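Below is one structure; the comments refer to it alone.
The values are calculated or read from the model by the stated rules, or taken from the named source; none is laboratory data. Quick caveat, the model's predicted, so the values are computed rather than measured. Note that each Cβ is placed from the backbone with ideal geometry, even for glycine, and that neighbours are counted across all protein chains shown. Areas reflect the complete protein model, heavy atoms only, side chains present, ligands, DNA and RNA absent. Shrake-Rupley method; radii C 1.70, N 1.55, O 1.52, S 1.80 Å.
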Amino acid sequence: MRSTDMKAKIIVTPKKAVLDPQGKTVANALEQMGYQGIGAVHVGKYLEIELPSGDAETWRKKLDEACHRILSNPVIEDYRVEID
Amino acid sequence: MNFAVLQFPASNCDQDALHVVKNVLGQSARFVWHKENALAGFDAVIIPGGFSYGDYLRTGAIARFSPIMQAVQTFAAQGGPVLGICNGFQILCEAGLLPGALIRNRSLQFPCEHVFIKTASNDSPFSNRIPEGALLRIPIAHGEGCYFADESTLDQLEANHQVLWRYATAAGEVTNQSNPNGSLRNIAGICNEARNVAGLMPHPERASEPLLGCSDGRLIFESLVSWLQAKVAKAA
């Protein structure tokens with residue numbers, strides 16, 4: 001197994017304060033389908049970025065910056081980066 | 001006056017914008033492709049509507065990194081007027097040239113309809129020919145036009161009179177019912193603190209000729225021309 005078969009998994013979600021009509025619609029649909037007792041639903045975005053070389057810590061810093069600059073919009077979104 | 005109308009891959013309201021400034025208002029104008037990196041010789045920049053880069057990732061998120069946007073940042077920093085229409089507004093927010101963001105319409109629908117916008121401030125290059133409080137009947141066509149900013153930003157916008165237009169009823173009342181997309185405080189268009197960069201979701205370029213049923217939008221372009229002409233006269 002290659003030692004640098006790394007993959008970054010980035011999850012971008014709407015900030016709590018932001019209107020999330022998609023989330024509400026999905027929650028309604030789930031309830032209508034019989035899934036009772038569900039709380040709020042928030043619809044976000046998932047990105048997978050393959051990292052064929054380099055080390056995790058360096059990539060974490062770079063991707064953190066990329067998240068601030070382009071992958072998420074800090075005005076309306078939160079993000080988290082996982083690397084494995 | 002020389003207008004630049006930017007074109008990104010999948011901009012689609014560029015031709016209408018060019019038509020209005022060139023054929024309806026008789027100004028000099030040309031398309032500027034997103035890969036160009038200078039805006040020398042232009043007096044004003046229009047960022048037109050459309051679905052630049054397919055709205056991939058987020059509306060306007062990728063366009064804001066196109067080469068031409070560096071020139072737009074410089075142009076704006078030097079006081080040059082920049083008007084973003086619909087996707088153009090989204091791009092300006094992503095680029096940080098305007099505060100806040102445009103998100104999915106609260107109804108999740110994509111309304112294509114005429115709305116009324118009430119002029120909240122005529123103290124700008126984009127609204128100086130419009131009486132304060134005047135209603136403009138202009139079409140919208142967007143799925144992500146809900147203006148969002150946190151409370152302190154919104155309060156700041158109000159305090160600085162940076163809100164240029166709000167969605168209103170035909171009678172001029174700013175109500176929930178008149179809000180087509182859930183925009184906070186019914187905000188349809190704003191300008192930056194320096195008042196030289198503005199964005200609005202409605203399409204004034206689709207309401208600048210009687211042939212299209214309404215010419216209220218023309219006033220926005222006329223304001224821009226008038227402001228530029230006054231600037232030139234002052235410098236002379």
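Residue check: B:Asn181 meets all listed conditions (1) within 14 Å of chain A (Cβ to nearest Cβ); (2) open to solvent by 10 Å² or more (accessible area, probe 1.4 Å) but one, namely (2). Within the span defined as region B:163-173, one or more residues are over 13 Å from the mean Cα position of the chain (by Cα) and of a type in the set (Val, Ile, Thr). Which pairs do you get when a residue that is touching a residue at least 40 places away in the same chain (Cβ under 8 Å), found in region B:175-192, comes within reach of a residue that is in a strand (DSSP E or B) and open to solvent by 20 Å² or more (accessible area, probe 1.4 Å), reach meaning Cβ atoms under 8 angstrom, with the pair 6+ apart or on two chains? Taking only residues 6 or more apart or on different chains, the pairs are B:Ser178/B:Phe116; B:Pro180/B:Glu113; B:Ile187/B:Arg166; B:Ala188/B:Arg166.
Residues in region B:82-107 that are open to solvent by less than 20 Å² (accessible area, probe 1.4 Å), more than 14 Å from B:Gly60 (Cα to Cα) and over 11 Å from the mean Cα position of the chain (by Cα): B:Asn105 only. Restricting attention to region A:26-82, and to residues there that are more than 14 Å from chain B (Cβ to nearest Cβ) and surrounded by 17 or more Cβ atoms within 10 Å (Cβ to Cβ), which single residue is nearest to B:Ile62 (Cα to Cα)? The qualifying residue nearest to B:Ile62 (Cα to Cα) is A:Leu63.
In contact with a strand residue (DSSP E or B) (Cβ under 6 Å, 6 or more places away or on another chain) and over 18 Å from B:Ala17 (Cβ atoms), is that true of B:Asn160? Give the steps one after another, and end with the answer.
Details: in contact with a strand residue (DSSP E or B) (Cβ under 6 Å, 6 or more places away or on another chain): no; over 18 Å from B:Ala17 (Cβ atoms): yes.
Spelling it out, it is not the case that B:Asn160 is in contact with a strand residue (DSSP E or B) (Cβ under 6 Å, 6 or more places away or on another chain) and over 18 Å from B:Ala17 (Cβ atoms).
In this entry, B:Glu193 is excluded by the filter for residues that are open to solvent by 10 Å² or more (accessible area, probe 1.4 Å), acidic (Asp, Glu), under 17 Å from B:Gly133 (Cα atoms) and outside any strand (DSSP E or B). Checking each residue in region B:74-107 for being among the small types (Gly, Ala, Ser), within 14 Å of chain A (Cβ to nearest Cβ) and outside any loop (DSSP other than H, G, I, E, B) picks out only B:Ala101. At least 1 residues being surrounded by fewer than 23 Cβ atoms within 10 Å (Cβ to Cβ) is the threshold, and among the strands (runs of 3 or more DSSP E) wholly inside region B:1-69 those reaching it are B:2-7, B:28-33. Kindly indicate whether B:Thr169 is in contact (Cβ under 8 Å) with a residue 12 or more places away in the chain, more than 19 Å from B:Val45 (Cα to Cα) and open to solvent by 10 Å² or more (accessible area, probe 1.4 Å). Taking the combined requirement at face value, the residue satisfies it.
Number of residues in region B:158-193 that are farther than 19 Å from B:Arg106 by Cβ and either polar (S, T, N, Q) or in contact with a helix residue (DSSP H, G or I) (Cβ under 8 Å, 6 or more places away or on another chain) (or both): the value is 4.
If you go through region B:216-228 and keep only what is open to solvent by less than 40 Å² (accessible area, probe 1.4 Å) and outside any helix (DSSP H, G or I), you end up with just B:Gly217.
Give region A:5-22 a look and list any residue that's more than 15 Å from B:Leu184 (Cα to Cα) and either at pLDDT 95 or above or open to solvent by less than 60 Å² (accessible area, probe 1.4 Å) (or both), or say none. Show your work before the answer.
Looking only at region A:5-22, we keep the residues that are more than 15 Å from B:Leu184 (Cα to Cα), and these are A:5-16, A:22.
Selection gives A:Met6, A:Lys7, A:Ala8, A:Lys9, A:Ile10, A:Ile11, A:Val12, A:Thr13, A:Pro14, A:Lys15.
Scanning region B:108-130 for residues that are open to solvent by 60 Å² or more (accessible area, probe 1.4 Å), assigned to a loop (DSSP other than H, G, I, E, B) and farther than 23 Å from B:Asp155 by Cα turns up B:Gln109, B:Phe110, B:Arg129.
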